[in-house]
1. Search segment 12-44 for residues being surrounded by 15 or more Cβ atoms within 10 Å (Cβ to Cβ) and outside any helix (DSSP H, G or I), and hand back the single one that is modelled with the lowest pLDDT.
2. Give me the residue from segment 48-60 that is surrounded by fewer than 13 Cβ atoms within 10 Å (Cβ to Cβ) and touching a residue at least 24 places away in the same chain (Cβ under 8 Å) and, out of that set, nearest to residue 24 (Cα to Cα).
3. When residue 9 is evaluated against the numbered criteria (1) at pLDDT 90 or above; (2) in a loop (DSSP other than H, G, I, E, B); (3) under 10 Å from the mean Cα position of the chain (by Cα), which criterion, by number, is the only one it fails?
4. Starting from segment 63-88, take each residue that is assigned to a loop (DSSP other than H, G, I, E, B) and list its partners that are surrounded by 12 or more Cβ atoms within 10 Å (Cβ to Cβ) and modelled with pLDDT under 80, counting only C-beta distances under 8 angstrom and pairs at least six apart or across chains.
5. I'd like to check something: does segment 78-92 contain any residue that is at pLDDT 90 or above and surrounded by 15 or more Cβ atoms within 10 Å (Cβ to Cβ)?
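The values are calculated or read from the model by the stated rules, or taken from the named source; none is laboratory data. Keep in mind that what you see is a predicted model, and the values were worked out from it rather than measured. In this analysis, Cβ positions are derived from the backbone assuming ideal geometry, glycine residues included, and neighbour counts consider all displayed protein chains.
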């Protein structure tokens, strides 16, 4: 019986010296978590972030809103049992 370890979404910081673009960073994260790359890309596309944008930019070059969507898509598509969203997604009260 194996246990899945914790994997933080700060891969951008780890991979920044390698010059990995956002799309390849996402692919690596999905591979490490046994996540669903197609689902992640679908979520991002619904949020207005096209795969071409991810292929052209480094993760830290995405806008603040794009980085938030990027991290959220990574978390939701990673097949995690629990996802903790730190900030609210809308201005509506909970």
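1. Among residues in segment 12-44 that are surrounded by 15 or more Cβ atoms within 10 Å (Cβ to Cβ) and outside any helix (DSSP H, G or I), the one modelled with the lowest pLDDT is 20.
2. Of all residues in segment 48-60, those surrounded by fewer than 13 Cβ atoms within 10 Å (Cβ to Cβ) come to 48, 50, 52, 55-56, 60.
Those left that are additionally touching a residue at least 24 places away in the same chain (Cβ under 8 Å): 55-56, 60.
On the way: 55: 7, 56: 10, 60: 13 Å.
Only one residue fits best here, namely 55.
3. Answer for residue 9: the failing condition is (1).
4. Close Cβ pairs satisfying both conditions: 78/7.
5. Keep residues of segment 78-92 that are at pLDDT 90 or above, which gives none.
No, segment 78-92 has no match at all.
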